[in-house]
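Novice: A single structure is presented below for examination.
The values are calculated or read from the model by the stated rules, or taken from the named source; none is laboratory data. Remember, it's a predicted structure, so these values are computed and weren't measured experimentally. Positions of Cβ are backbone-derived with ideal geometry, glycine not excepted, and every protein chain shown enters the neighbour counts. Side chains included, ligands, DNA and RNA excluded: accessible areas come from the protein's heavy atoms. Shrake-Rupley method; radii C 1.70, N 1.55, O 1.52, S 1.80 Å.
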Amino acid sequence: MTSASYLAFLTKMQKAQKDLPKILAAACETATIAAVAAAAEATPPKGKTGRGPYIGTNTVTGALKQHWATDSRTKPEIQGGMVKTELRNDLPYASYVNDGHRMERHFVPGLHIEETGLLEYDPDKDVGGLVVGTKTPYVKGEFMVDKAKEAYQETLEKELKVNVKEAFAL
């Protein structure tokens with residue numbers, strides 16, 4: 001290698017090293033956006049077939065699904081050589097849906113079955129209610145976070161393969 005080509009190679013490597021934090025930040029942002037989308041897709045309600053028999057007024061809100069986008073931080077923060085993004089869902093019951101939970105028999109005031117067969121919840125209804133947890137002792141988790149982690153990792157690998165190879169192209 002001649003000294004001129006070596007100098008050109010060194011200059012290219014220094015530029016690539018300087019661009020690396022921006023490349024990593026962009027890849028992390030894309031990967032976090034993919035993780036948020038994967039988590040939301042795996043979160044109930046998942047369309048009519050995935051909702052189960054409990055469809056009716058005030059029984060399925062979609063709030064848990066929506067909170068992935070509002071609570072997560074997809075814009076990367078670079079701190080001391082680290083790139084930080086966050087996949088979050090701040091609803092207090094998110095971990096129960098993700099991991100699964102025991103279901104104890106209990107009374108829910110305002111919960112009733114309409115003549116149409118739909119389960120309805122009216123918190124303002126003074127009389128009536130149903131005992132729930134009689135048939136299902138355990139509710140299986142949806143494992144949304146695991147699916148989001150997989151999407152993050154796959155997307156990050158794809159992004160870095162392309163962008164780092166491009167930056168360090170000789």
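Novice: Just to be sure before I move on: is Val164 more than 30 Å from the chain's Cα centre (by Cα) and not in a loop (DSSP other than H, G, I, E, B) in the structure I sent? Outline the logic, then answer.
Specialist: On the way: more than 30 Å from the chain's Cα centre (by Cα): no; not in a loop (DSSP other than H, G, I, E, B): yes.
Criteria not met by Val164.
Novice: Taking into account only those residues within segment 81-121 that are assigned to a loop (DSSP other than H, G, I, E, B) and modelled with pLDDT under 85, which is most open to solvent (accessible area, probe 1.4 Å)?
Specialist: Once the filter is applied, the top-ranked residue is Glu115.
Novice: Looking only at segment 46-80, count every residue that is surrounded by 13 or more Cβ atoms within 10 Å (Cβ to Cβ), touching a Phe, Trp or Tyr at 6+ places or on another chain (Cβ under 8 Å) and at pLDDT below 85 and tell me the total.
Specialist: 3
Novice: Can you tell me which residue within segment 141-158, out of those that are among the small types (Gly, Ala, Ser) and part of a helix (DSSP H, G or I), is surrounded by the most Cβ atoms within 10 Å (Cβ to Cβ)?
Specialist: Of all residues in segment 141-158, those among the small types (Gly, Ala, Ser) come to 141, 148, 151.
With part of a helix (DSSP H, G or I) added as a condition, the list becomes 148, 151.
Values: Ala148: 26, Ala151: 22.
Per the stated criteria, the residue is Ala148.
Novice: Looking at Val127 and the list (1) assigned to a loop (DSSP other than H, G, I, E, B); (2) in contact with a Gly (Cβ under 6 Å, 6 or more places away or on another chain), which single condition is not satisfied?
Specialist: Just one mismatch for Val127, condition (2).
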